[in-house]
Amino acid sequence: MQPMPSRRHVIADDIRDKISTGQIKAGERLPSEAQLASDYAVSTATLRNALGILHCEGLVEKIHGKGNFVRYPLRRITYLGGGLTPRTKPSAYSALRVSVRITNLQAHGQLIGLLGVSANSPLTEFFCLSHEGKSPHSLARIYVPHELAPTGVPAESHCYEVVTAKLAEFRPPLAEVRERVSARPPTPEEATALRISSTLAVLAITRVAADRTGRVVEAALLVLPGDRTDALFTTHHVTHEGTSGE
């Protein structure tokens, strides 16, 4: 005998059905939580649990101070790892707009180890938040030694590659890149910035780039929500002619 579905799942199923059939359209604001709780004859806590299911599925997003909205379908992106420059599939960011916030700060905590610098060394942070339409899509924090920070990085760009190209102008050629990939829950700050549920896993990529002397010239912390991200790493085997292979 199948167990009876919980009220939160029944409510989530009903709202999901209304979204899929177009009764509630993308970008439309849902009734207030108090109104929905009254309509479904449940407590506010049960109603919020139902909305939490839809948040995790990426169907609904909560905008602080405004309410719950039906998400527009978000474009999936594929992060291409294993190269000297961070890449995505050519068309992946074509519809994404990137805003950049630049902050000068001193090395502390995790940054000391990532960049191999002493505490309080001057750094520059480039906080990049991409948007598809009005919805946040992904974010990146890029750190470079202050003397290598470029000027003239636009506060708004039509694609992420414009930002990375500008950063490359001032740094020496890269010789080594290390990437560490993990799946984890978002931090409260990340969940707020990306307007995602705290239970939705994100793909966290830590990328450290060094020049030919071994000096770390850039460290990037990328946060890509799991409901819209794939990662692809390709290994190229190089054979040397004239070797015996022993």
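Which of the listed residues, I142, L167, H64, is farthest toward the dipole's positive end in the chain, when Lys, Arg count +1 and Asp, Glu count -1 at the beta-carbon? Of the candidates, H64 comes out farthest on the positive side. Once divided by 2.2 N^0.38 Å, the Cα radius of gyration of the chain becomes 1.24. Spin-label pair K66-F127: with each label point 7 Å from Cα along the Cα-Cβ axis, the two points sit 1.9 nm from one another.
Couplings 3J(HN,Hα) for the range 196-212, derived from phi with the Karplus relation 6.51 cos²θ - 1.76 cosθ + 1.60 (θ = phi - 60°), are 10, 5, 5, 9, 7, 5, 10, 8, 9, 10, 9, 10, 10, 10, 10, 8, 5 Hz, where x marks Gly and Pro. Remark: the range 6-16, residue by residue, has Karplus-estimated 3J(HN,Hα) of 6, 4, 5, 6, 4, 5, 4, 4, 5, 5, 4 Hz, where x stands for each Gly or Pro and the curve is 6.51 cos²θ - 1.76 cosθ + 1.60 at θ = phi - 60°. Highest mean first, the peptides 153-161, 196-204 sorted by other C-beta atoms within 10 Å per residue fall in the order 196-204, 153-161.
When peptides 182-190, 166-174 are ranked by their average number of other Cβ atoms within 10 Å per residue, the highest-first order is 166-174, 182-190. Largest first, the extents of the alpha carbon coordinates of the range 7-70 on the three principal axes equal 26, 26, 20 Å. A Cβ-based charge dipole, computed about the Cα centre of the chain with Lys and Arg at +1 and Asp and Glu at -1, lands at about 520 debye.
Residues in the range 138-153 carry Karplus couplings, in order, of 7, 9, 9, 10, 10, 10, 9, x, 4, 6, 9, 6, x, 9, x, 6 Hz; the curve used is 6.51 cos²θ - 1.76 cosθ + 1.60 with θ = phi - 60°, and Gly or Pro positions show x.
Using the average count of surrounding beta-carbon atoms within 10 Å as a protection proxy, the listed peptides 118-127, 51-60, 68-77 rank, highest first, as 51-60, 68-77, 118-127. Taking the Cα atoms only, what angle lies between the long axis of helix 44-56 and the longest principal axis of the chain, rounded to 10 degrees? So the inclination is approximately 40 degrees. For S121, the residues 5 or more places off, or on other chains, whose built amide H falls under 5 Å of its own are A107.
Read-outs: derived from the displayed coordinates by stated rules, not from any lab. Predicted model only: the values in this text are computed from it and were never measured. Ideal geometry is used to build each Cβ from the backbone, glycine not excepted, and the neighbour counts take in all protein chains shown.
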